[in-house]
1. Six or more apart or on different chains, Cβ atoms under 9 Å: show the pairs whose first residue is in the range 92-104 and over 9 Å from residue 127 (Cα atoms) and whose second is assigned to a loop (DSSP other than H, G, I, E, B) and not aliphatic (A, V, I, L, M).
2. Checking the structure you have, find out if any residue of the range 190-197 is at pLDDT 90 or above, out of contact with any helix residue (DSSP H, G or I) (no Cβ under 7 Å at 6 or more places or on another chain) and under 25 Å from residue 4 (Cα atoms).
3. So for the range 396-417 (the condition being more than 33 Å from the chain's Cα centre (by Cα), surrounded by 14 or more Cβ atoms within 10 Å (Cβ to Cβ) and outside any helix (DSSP H, G or I)), does at least one residue qualify?
4. Output the number of residues of the range 227-242 satisfying the condition of being farther than 15 Å from residue 272 by Cα and not in a loop (DSSP other than H, G, I, E, B).
5. Could you look through the range 267-292, keep only residues that are in a helix (DSSP H, G or I) and farther than 19 Å from residue 332 by Cβ, and pick out the one that is most open to solvent (accessible area, probe 1.4 Å)?
6. Output the qualifying pairs, or none if there are none: Cβ atoms under 9 angstrom, residues six or more apart or on different chains, first residue in the range 239-261 and touching a residue at least 40 places away in the same chain (Cβ under 8 Å) and small (Gly, Ala, Ser), second residue surrounded by 19 or more Cβ atoms within 10 Å (Cβ to Cβ) and part of a strand (DSSP E or B).
7. Tell me which residues, restricted to the range 100-122, are among the β-branched types (Val, Ile, Thr), in a helix (DSSP H, G or I) and open to solvent by less than 60 Å² (accessible area, probe 1.4 Å).
8. I'd like to check something: does the range 37-57 contain any residue that is aromatic (Phe, Trp, Tyr), in contact (Cβ under 8 Å) with a residue 60 or more places away in the chain, buried (at least 16 other Cβ atoms within 10 Å of the Cβ) and out of contact with any Phe, Trp or Tyr (no Cβ under 7 Å at 6 or more places or on another chain)?
Amino acid sequence: MVLVSAVRDYLSRMLQDISGMKVLILDSHTVSIVSVAYSQSELLQKEVFLVELVDSISKSRESMSHLKAVYFLAPTSENIQYLRRHLVAPRFGEYHLFFSNILKDTQIHILADSDEHEVVQQLQEFYADFVATDPYHFTLNMPSNHMYMLPAVVDHSNLQRFCDQVVDGIAAVFLALKRRPVIRYQRTSDIAKRIAQETAKLMYQQESGLFDFRRTEISPLLLVIDRRDDPVTPLLNQWTYQAMVHELIGIQDNKVDLRNIGNFPKDQQEVVLSSEQDAFFKKNMYENFGDIGMNIKQLVDEFQQISKSNQNIQTIEDMAKFVDNYPEYRKMHGNVSKHVALVTEMSKLVEERKLMVVSQTEQELACNGGQVAAFEAVTNLLNNESVSDIDRLRLVMLYALRYEKESPVQLMQLFNKLSSKSPKYKPGLVQFLLKQAGVDKRTGDLFGNRDFLNIARNMARGLKGVENVYTQHQPLLFQTTESISKGRLRDVDYPFVGNHFQQGRPQEVVIFIVGGTTYEESRCVALQNAMNTGIRFILGGSVILNSKRFLKDLEEAQRLARTSNAI
């Protein structure tokens, strides 16, 4: 509950202390932060009768002095300029200004000078500068996520902006949690090191007073790692509910857009998938696809029972009871049809794209050895006309990541086959991935074939057999959280920043993945937390990836690298 609660507390404090009718004014970033934490009906209960975006409200001149304006904005220079213009000719009775992160002194002076009409009642910093999609998972929704793959010489100013935004987002998480962590980073990643050092500088030097919270016996840990250390997880097809919806349809700020899928009624073209607002989803978000089908059938059966009892209205008391229960009935109806629609669409895509066959080969590539069999399986799928271009590309990428050193000749054969079958995807993208995230660039033991313990674990898993062939893969993050739990995260691979070291095992750990997280990894963290080992893990990243987004970032980085010839 920790992250969602922190954001909800900030929003409650913002809205409940201001009595009367309110308009809530957001920007394109804070609208995501608010929408995942608060439903529209909850905003109405707080007397918020209008929600507007700061850029669109600037175009209107209509006076609304009966409304109190509550602004919740990121402290960008653009937003300060919008506010300046709004305060010069105020349209609302009162102005309450809240910012999602630390304001500069110069920005405060600009706002003070603009408030000639003295309509500003308060100005505060509420550190909710992150989108808390789940209790232990947050994202920063970074628009230029591909920047993390580029060295500083390619685009220095945009890379600096990217780093600044990430540092601000991480800082807000710790301000919301009221903690100052010790910081570690992945040794092989320049961008992870840079972000870790800049975060330490902010927390221990520039804003040390702000982070001077009551010391806990053992400081929390912030670990900054690079997506390229595990490029396999975002390339795989997913078979657990939340991860699968994101992979096949797409989730943005806990919402799923169904407009392109079928003819749904207007109120169901965009549906909410939130563990906070949907009990069935909360219970099933980490279940595998086979079990979801059975559980939805049960949900439908329960709904049919209630529908039957509602049809049996004979007395006035029955009618009154039905009217009282109608909102709940309507909500349940919407929930049932939402989950049925999602599972139906995903079943269709699994069949169309032959994903069960494709995924079996992906899992073999990710989890088991056997280069000859793997080469044959990938070749067969490249020749299969039912397999889509994007699936062919992912298979060749997975093969390349696994066997780049072992079978360069076969890899060239697969490159040639890929370019003949999927002309849109040039093999150059696979080679760019190897440059970015090949074996020489990675810290962790991605395929469990370097470390003796991992080799033994893989052998044991092979002997026991796997419960489900489609979900046998475990992200590298699983090993990282285990190493932290056992106090075995090596200093040489994950050095500390400065002279702040960890004494004993941390009780709170925030792992931030530069380049983005996946729902498979957030599941891994949720399951780890459920084991009650005495450590609470929180996962965050610059975006939430599916394979489409990961490939898009890769293509964009490759395009920029080509134009500058720096990589």
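1. Pairs that qualify, where the first residue is over 9 Å from residue 127 (Cα atoms) and the partner is assigned to a loop (DSSP other than H, G, I, E, B) and not aliphatic (A, V, I, L, M), are 92/63; 93/20; 94/20; 95/115; 96/17; 98/126; 103/75; 104/75.
2. The answer is yes; a qualifying residue exists.
3. yes
4. Kept after step one, since they are farther than 15 Å from residue 272 by Cα, are these residues of the range 227-242: 227-240.
Subset that is not in a loop (DSSP other than H, G, I, E, B): 227-229, 233-235, 240.
Qualifying residue count, the range 227-242: 7.
5. 291
6. 250/256
7. The answer is 110, and nothing else.
8. So the first thing to find is which residues in the range 37-57 are aromatic (Phe, Trp, Tyr), and the list is 38, 49.
Still in the running and in contact (Cβ under 8 Å) with a residue 60 or more places away in the chain: none.
Within the range 37-57 (the criterion being aromatic (Phe, Trp, Tyr), in contact (Cβ under 8 Å) with a residue 60 or more places away in the chain, buried (at least 16 other Cβ atoms within 10 Å of the Cβ) and out of contact with any Phe, Trp or Tyr (no Cβ under 7 Å at 6 or more places or on another chain)), the answer is no, since none of the residues qualifies.
The values are calculated or read from the model by the stated rules, or taken from the named source; none is laboratory data. Since we're looking at a predicted model, the values are computed, not measured. Here Cβ is always computed from backbone atoms with ideal geometry, including for glycine, and neighbour counts include all displayed protein chains. Quick note on the areas: whole protein, heavy atoms, side chains included, nothing else; ligands and nucleic acids left out. Shrake-Rupley method; radii C 1.70, N 1.55, O 1.52, S 1.80 Å.
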